Structure formats: structure tokens, C-alpha cells
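Trainee: My structure is below; once you've seen it, I'll send some questions.
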Amino acid sequence: MKHHMVSGGGGIQLHVVETGNASGRPIVFIHGFSQCWLAWTRQLHSALAESYRLVAIDLRGHGLSAKPREGYADSQLWPDAVRAEIQALDLDQPVLCGWSYGPLVILDYLRHYGEDGIGAVNFIGAVTKLGSEDAVSVLTAEFLSLIPGFFSVDAEESVRSLGSLLDLCFARALSAEERYLMLGYNLSVPPYVRQALFSRSFDNDDLLPTLRKPVLITHGTGDAVVKSTVIDRQMDRMSSANIRMLATGHACFWDDAAAYNRCLQEFVDGL
């Protein structure tokens, strides 16, 4: 496992991890809200590493990346970060895989830099818009009820809210060790970062129909964060997308890593 620090949007330092076959097709994993690269452990340490060059990034404000107080509302800085990482690691036609909030970053990248530099996209438990009634309509009431706690500077309230978020994300119970680790890296994201991420307002209804590179949509049938209606409400604008519903929760790549990894491998091998 190699760790890198890359100068990203606005010059901040971003943490990137890579492993796997250095000669293989690059796959870039982009985590969700208040997460980090460790969310992708079951991909980085899987058979995928035999065939592909696997890269996981810590977004601005997350994990081991810098956590400035400003810049989260700037839609240019998010794609600048992805582009900087692609360039710094010399990734040729990478497949961009984003979970939950991660697809918003991918769509920021596609809006600003287009599709020429990437090979394909995988949206996982994805949302494609924020800050409107339509955006909220695909989120579950249980998740929405936790949002005020995400912004709290009270440590106990943050722990309660982020602990409840973990309960919603995973259909299968976490071990004590897994829960401790995940809660730790969720809490390492400052409340001002969490609030800034949800303060953005935009949609990508105009962008989705223009995508020409292959798109894989993977969504859990038991997703307790993003309703499956998101497929019809937002994703059906990509008429050629390959949709795979898995018998999992919000984190299909963790709940049933073997099934998700097979879907991803079949998708990438078919490019």
C-alpha cells in the first residue's frame, strides 16, 4: 500500500492511497459524507488488486487530507482535487467509483473537465443533486432526522448522530472493532466540514443525459439512506446506464463485498 500527498484544489494537501496491479486499469474510489479511504478496505484488499490499479482518495476535509474552514461551496475545488490526483499518479482512463456523496464530486469533475480523461463511472448508493425538495425527496426520513446532529459541536451529540448514521449505512451488523474504527474516522471530520457539504445547492439534471462513457449504477435494495426511487427520479436520465440492485444496505461494497466486486470487475472488464 502506497500513501501519497497531492496538492489539490486551492493548493491544499490531499491524501491518496494506491495498491494493486500497477499496469492494470486504474479504479479510483471516492468515499461519501464524513468517511475516508478506509471505507474501501474490502476492495483494496480483494482480488480486484490482482488485475487493477486501485486508488482511494480522502476528500477535502476528510481522513488525512487537509481540513481548511473554507472552500467547500466552490464547485471548482472538488473536481480540481480529482484532476490533481489523476495527474499526479498518471492515471490513464480511470474508472471513477463514488459512494453516496462521492458521485456529486464525480459529476462536478465531469461538468468542469468532461469525460475525455476517464474511462467510465460507477455510482454507488448515489445522489446527484442537493438543496432542493426534489433532492430531499430521495433521502429517507431516518437519515434526514440525523442531519442537525451532524452539524453539532457537542461531542456527545456528534457521536450519537454519526453512530446512528453507521447503523443506517450497513445492513449487516458491524463488529465492535469495525464500528470503533468507522466512528473514529467519521468523527475526525470537523462539524464545519459536515455542515458545508450539506450547504451546497445544485442539480445535474442537465448533465446526466449528456454522459457518453459507460455508467454502472449499484444500489442496495435495503438502502436506508437513499431510497431506491432515486433510480427513477434521477438516474433514468442516463438511458444507457447498467443498473445492478444488490441485496444490501447503503454500503453495498461493504455489506456484500464479493457481489459488489464481481459487478465492478464485470463492468470494467467489459470496457
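The values are calculated or read from the model by the stated rules, or taken from the named source; none is laboratory data. Remember, it's a predicted structure, so these values are computed and weren't measured experimentally. In this analysis, Cβ positions are derived from the backbone assuming ideal geometry, glycine residues included, and neighbour counts consider all displayed protein chains. Heads up: the accessible areas ignore ligands, DNA and RNA and are worked out on the full protein's heavy atoms, side chains in. Shrake-Rupley method; radii C 1.70, N 1.55, O 1.52, S 1.80 Å.
Trainee: Separation between the T140 and A155 pseudo-spin-labels, each 7 Å from Cα along Cα→Cβ, expressed in nm?
Mentor: 3.0
Trainee: Follow-up. Once the Cα gyration tensor of region 1-159 is found, what semi-axes does its equivalent ellipsoid get, as square roots of 5 times the eigenvalues, in whole Å, sorted largest first?
Mentor: 26, 17, 17
Trainee: Full extension from S132 to K67: what is 0.36 nm times the residue separation minus their Cα-Cα distance, to one decimal in nm?
Mentor: Residue separation times 0.36 nm, minus the Cα-Cα distance, leaves 20.7 nm.
Trainee: Where does each of E133, E157, E85, E142 land when they are ordered by accessible area, with a 1.4 Å probe and the largest first?
Mentor: E133, E142, E157, E85
Trainee: Tell me, what is the 1.4 Å probe accessible area of H45, in Å² to the nearest 10?
Mentor: H45 has an accessible surface of roughly 130 Å² with all protein chains in place.
Trainee: At 1.4 Å probe size, put F267, F198 in order of accessible surface, largest to smallest.
Mentor: F198, F267
Trainee: Tell me, what is the per residue accessible area of region 150-222 in Å², probe radius 1.4 Å?
Mentor: 49
Trainee: State, to one decimal in nm, how far the label point of T41 lies from the label point of A173, with both points 7 Å from Cα in the Cβ direction.
Mentor: Here the answer is 1.8 nm between the modelled labels.
Trainee: Compute the signed sum of charges (Lys and Arg +1, Asp and Glu -1) over the other residues within less than 12 Å, Cβ to Cβ, of A224.
Mentor: Here the count lands on -3.
Trainee: Continuing with this model, one more query. Take every DSSP beta bridge whose two residues both sit in region 1-126, then give the antiparallel share in percent to the nearest 5.
Mentor: 45
Trainee: Turning to a different aspect of this structure: With point charges of +1 on the Cβ of Lys and Arg and -1 on the Cβ of Asp and Glu, referenced to the Cα centre of the chain, which listed residue (F33, Q87, N122) lies farthest in the positive direction of the dipole?
Mentor: Q87
Trainee: Expressed as a whole percentage, what fraction of the accessible surface of the chain belongs to carbon and sulfur atoms when a 1.4 Å probe is rolled over the protein heavy atoms?
Mentor: Carbon and sulfur: 50 percent of the exposed surface of the chain.
Trainee: Where does the chain land at 222 nm, in deg cm²/dmol rounded to the nearest 500, when only DSSP H runs of n ≥ 4 count, each adding -39500 (n - 2.57), divided by all residues?
Mentor: Using -39500 (n - 2.57) per qualifying helix, the result is -9500 deg cm²/dmol.
Trainee: Rank these residues by their accessible area, most exposed first, probe 1.4 Å: E115, E177.
Mentor: E177, E115
Trainee: What ranking, highest mean first, results for peptides 122-129, 50-57 when packing means the other Cβ atoms within 10 Å averaged over each residue?
Mentor: Ranking the peptides 122-129, 50-57 by packing returns 122-129, 50-57.
Trainee: Among rounded, prolate and oblate, which fits the chain when a ≥ b ≥ c are the square roots of the eigenvalues of its C-alpha gyration tensor, a/c under 1.5 means rounded, and a/b larger than b/c means prolate?
Mentor: Rounded.
Trainee: With +1 on each Lys and Arg Cβ and -1 on each Asp and Glu Cβ, and nothing else charged, work out how big the dipole of the chain is about its Cα centre, in Debye to the nearest 20.
Mentor: 200
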